[in-house]
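Since the structure comes first, as structure tokens, the remarks are kept for the end.
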Amino acid sequence: MQGVEQLGLGAHLRAGRLRIIHGTTIATNAALQGQGARTALICNEGMTDLLTIGRQARDALYSLHVPAIEPPVPADLCFGVDARTGTAGESLRSPSTAALARLAREVTARRVEAVAVSLLFSYLAPEQEQRIAAALPEGLFVSCAHDVLPRIGEYERTVATWLNARLGPLVAGYLGRLRELTAPSTLAVMQSDGMTLPAADAPRRAVRLLLSGPAGGLAAAGLAAREQGLSDLLTFDMGGTSTDVAALQGEPRLTAEGAIGPYPLAIPSLDIHTIGAGGGSLASVDQGGILHVGPNSAGADPGPACYGRGGAEATVTDANVVLGRLPASLPLGGSLQLDEAAARAALGRLGSRLGISAGQAAAGVVQLANEHMAAALRRVSVARGLDPAGFSLCCFGGAGGLHVCELAELLRIRQVLVPVHAGIFSALGMLAAAPGRSRSVTREIPLRDADPAVLEREYAGLERALRDELLASASPGTTVHCRRTAELRYAGQSFTLTLPWQSVADTAAAFHQLHKNTYGHAFPGLAVELVHVGVQAHTAPGLARFPAADATPGAARAGVVAVSGCPDPVPLYRREALAAGARIPGPALISEQTTITYVKSGWHAHRTLSGSLLLRTGTPGADVQIAS
């Protein structure tokens, strides 16, 4: 709200003329920190310890001294009901009215704020969960598994339902207060699948907000790729605490195999991999004298030592200041003056523990951070059968431009896209995201036995339901676009691959090819199972293209900077003053208010018509215009 006023948009907000899209980490932070509403869990009798047992996966398989782990839901908040649905959706046992009344009294006595209801096979027949929910006292936040995640996998389904119930009241309170402040303007929230949702509907789907922030960056990267005519991108979003990476080939890839802390997250989400490496990542030396970077962070307060707010430990940002890549003469974000002496002192203390100078320690910190981030990029490319050399690297986030050339070299990538406004790219991407919903249901049948007419009715029913939901909050004349998906596996496998639905034969052929690309092999002779059918429905995005960034008057060259490893002073350019078509040979620094790009020696940068920077290896041609 402070930002709205500082932008001079307060009058527009109060007149209802603003459309606000909000990416929030409130659900993510609460889940990771074990916070949320006091929540009860209702399961079938004999299944109340489901969340405590989990999948029996252990981090330290051979450890004889595994520390005790607190159960997600205490035993006194777990309730079993005498209900059972069969594997075909038939009702085998139903709780009596008296039993449901007794359950309601027991839940009330525990003084809970929320209830998660998860019964076996409820995705086939939701009636028993609906009866239980209707019998519970009013005023409780109730989440039912058939509504949150109607898919196979009793553990994953129950985790999602419990998280949704636990986070729902927190999200409802936060967004309720924000809606009051932003009314009568409209407020939407970014979901983990890259689409937006009206804020009023978000609490009921709180678990779908767990990747709300990073999803915006991927939406923006897709739009930037289309503008530049690029097809295959690796995205690299480096902020202060973490780095998010993804592979983008046409449409963003969704996965149901994510995780939040120790819990699986089977909610369809954009396939984004996150590591604890960012500008604020702390550097340390262990007892064996080995240098480490991350995952702990200095945060925003006190932040890196160079912020001058009392931080004393060395961070990646401090290392870049010492190396000269982040000049202390440039105010960070336009207002924060960097303290080079404090950064050098922090790296000096780190270097003394390693027996090297502050400059050598800074170089080691940056190199190690780069290796961590390159490993993350390999995980979303090489580990999935994709050669990074065939991709362009799209870099954004406040700290990304300082590392992008070295990362590209580690991955043999020859072209880098640094989009305009890269430091706030995820926020910009929320404007490019479309309002939408996604839904899937379990079928679990051999693909060869699938009846096309039955599948057509399934898909049409999902499309109709999602279309009705979207049009209920859309303006008249809105068009809804639907995309059909299928999740398939070979018979006997536990994991699925998601791909667009075509016909039975074409989808089977596409699955064999995708399996080969992903895992290096395929089994054309094995039976293929159709596990889930799904639909993604969305309306038109709010932003069809990024606004053009015209050059501002003034000299593009703002001075020279001493950069470690460069024998001569390195020119510093103001990005906003670069004319379209300008090309800059490395080494060079190109600054803007929210980020800075280090063009390494052997690279050159080209300022595009939209204001983005295209970085390529090699020497530019003879007709290149050099910025002055």
Taking each pair of different alpha-carbon atoms in the stretch 391-537 once, compute 1/r for the pair, average those values, and report the inverse of that mean as the Kirkwood hydrodynamic radius in Å to one decimal.
-> 18.5
Would you please give the residues with an amide H less than 5 Å from that of L41, counting only those at least 5 places away or on a separate chain, with H modeled from the backbone geometry?
-> C78, F79, A116
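Sort largest first and round to whole Å: the equivalent ellipsoid semi-axes of the chain, each the square root of five times a Cα gyration tensor eigenvalue. Working shown, then result.
Values: eigenvalues 408, 156, 132 Å².
Equivalent ellipsoid of the chain: 45, 28, 26 Å, largest first.
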For the stretch 287-293, in residue order, the Karplus 3J(HN,Hα) values (coefficients 6.51, -1.76, 1.60; θ = phi - 60°; whole Hz; Gly and Pro = x) are 5, x, x, 9, 7, 10, 10
Kindly report the accessible area of the stretch 1-104 per residue (heavy atoms of protein chains, probe 1.4 Å, no ligands, DNA or RNA), in Å².
-> 63
Could you give the C-alpha radius of gyration of the stretch 380-472 expressed as a fraction of 2.2 N^0.38 Å, taking N as the number of residues it contains?
-> 1.69
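If packing is taken as the average count of other Cβ atoms within 10 Å, what order do 23-31, 452-460 fall into, highest mean first? Present the calculation step by step, with values, prior to reporting the outcome.
On the way: 23-31: 19.6, 452-460: 13.2.
My ranking of the peptides, most packed first, is 23-31, 452-460.
Residue separation times 0.36 nm, minus the C-alpha to C-alpha distance between A465 and A183: what's the value? If you can, show how the numbers build up before the last one.
Details: separation 282, 0.36 × 282 = 101.52 nm, distance 2.81 nm.
Difference between extended and current length: 98.7 nm.
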If packing is taken as the mean number of other Cβ atoms within 10 Å per residue, what is the order of 110-122, 34-46, highest first?
-> 110-122, 34-46
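What's the local net charge at R205, with K and R +1, D and E -1, over the other residues with C-beta under 14 Å away? Before the final figure, lay out the partial values.
Working: positive: R166, R204, R208, R437, R439; negative: D147, D193, D201, E469.
Neighbourhood net charge equals +1.
Just to confirm a number: summing +1 for Lys and Arg and -1 for Asp and Glu over residues other than L77 whose beta-carbon lies under 15 angstrom from that of L77, what do you get?
Numbers: positive: R38, R105, R110, R111, R166; negative: D49, E70, D76, E106, E113.
After counting each charged neighbour, the total is 0.
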Per-residue HN-Hα couplings for the stretch 61-73 [Karplus 6.51, -1.76, 1.60; θ = phi - 60°; Hz; x = Gly/Pro] | 4, 9, 6, 8, 10, 7, x, 5, 10, 5, x, x, 10
Rg/Rh for the stretch 202-259, where both radii come from Cα atoms and Rh is the Kirkwood radius = 1.00
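Kindly report the accessible area of the stretch 218-296 per residue (heavy atoms of protein chains, probe 1.4 Å, no ligands, DNA or RNA), in Å². Before the final figure, lay out the partial values.
Details: 2990 Å² over 79 residues.
Using a 1.4 Å probe on heavy atoms only, each residue of the stretch 218-296 averages 38 Å².
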For the chain, the charge dipole (Cβ of Lys, Arg +1; Cβ of Asp, Glu -1; about the Cα centre) points to a positive end, and the Cα of Y62, G3, G139 closest to that extreme belongs to G3
Collect residues whose amide H, placed 1.01 Å from N in the peptide plane, falls under 5 Å from the amide H of A188; neighbours closer than 5 in sequence don't count.
-> I20, I21, H22, A199
Angle between the chain longest axis and helix 358-379 axis [Cα atoms, degrees, rounded to 10] | 40
How far is helix 212-228 tilted, in degrees, relative to the longest principal axis of the Cα atoms in the chain, given as a value from 0 to 90 rounded to the nearest 10?
-> 60
On the accessible surface of the stretch 182-300, probed at 1.4 Å with all protein chains in place, carbon and sulfur together account for a percent value of 52
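Report in % the part of the accessible area of the stretch 24-130 that belongs to carbon and sulfur, leaving out ligands and nucleic acids; probe 1.4 Å. Provide the component values of the computation, followed by the final result.
Working: 3240 of 6220 Å².
Looking at the stretch 24-130 in its full context, I get 52 percent from C and S.
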Relative contact order for the chain, counting Cα pairs under 8 Å that sit 6 or more residues apart, in percent = 11
How long are the semi-axes of the ellipsoid equivalent to the stretch 1-44, from square roots of 5 times the Cα gyration tensor eigenvalues, in whole Å, largest first?
-> 37, 13, 8
Within the chain, helix-based [θ] at 222 nm, where runs of 4 or more DSSP H residues each add -39,500 (n - 2.57), nearest 500 = -9500 deg cm²/dmol
Surrounding net charge for F141, when Lys and Arg each add one and Asp and Glu each subtract one, Cβ distance under 12 Å | +1
Acute angle (nearest 10 degrees) that the helix 340-354 long axis makes with the longest principal axis of the chain, alpha-carbon atoms | 80
Dipole of the stretch 312-365 (Lys/Arg Cβ +1, Asp/Glu Cβ -1, origin at the Cα centre): which of A342, Q360, T315 lies farthest to the positive side?
-> Q360
Considering amide H positions built from the backbone, and no H for Pro or chain starts, which residues 5 or more places from A83, or on another chain, come under 5 Å of its amide H?
-> E45
Kirkwood Rh in Å, taken over the stretch 42-138 so that all alpha-carbon pairs contribute = 15.0
If you plug each phi of the stretch 444-456 into the Karplus form 6.51 cos²θ - 1.76 cosθ + 1.60 with θ = phi - 60°, what whole-Hz ³J(HN,Hα) values come out, in order, with x for Gly and Pro?
-> 6, 9, x, 4, 5, 8, 5, 8, x, 5, 5, 5, 4
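With all protein chains present, how much of the accessible area of the stretch 317-435 (probe radius 1.4 Å) comes from carbon and sulfur, to the nearest whole percent?
Values: 2290 of 4150 Å².
Solvent-exposed carbon and sulfur of the stretch 317-435 make up 55 percent of the total.
The values are calculated or read from the model by the stated rules, or taken from the named source; none is laboratory data. All values reported here derive from a predicted model rather than from experimental measurement. Methodologically, a virtual Cβ is constructed for each residue, glycine included, from the backbone with ideal geometry; neighbour enumeration extends over all protein chains shown. All accessible areas refer to the heavy atoms of the entire protein, side chains included, with ligands and DNA or RNA removed. Shrake-Rupley method; radii C 1.70, N 1.55, O 1.52, S 1.80 Å.
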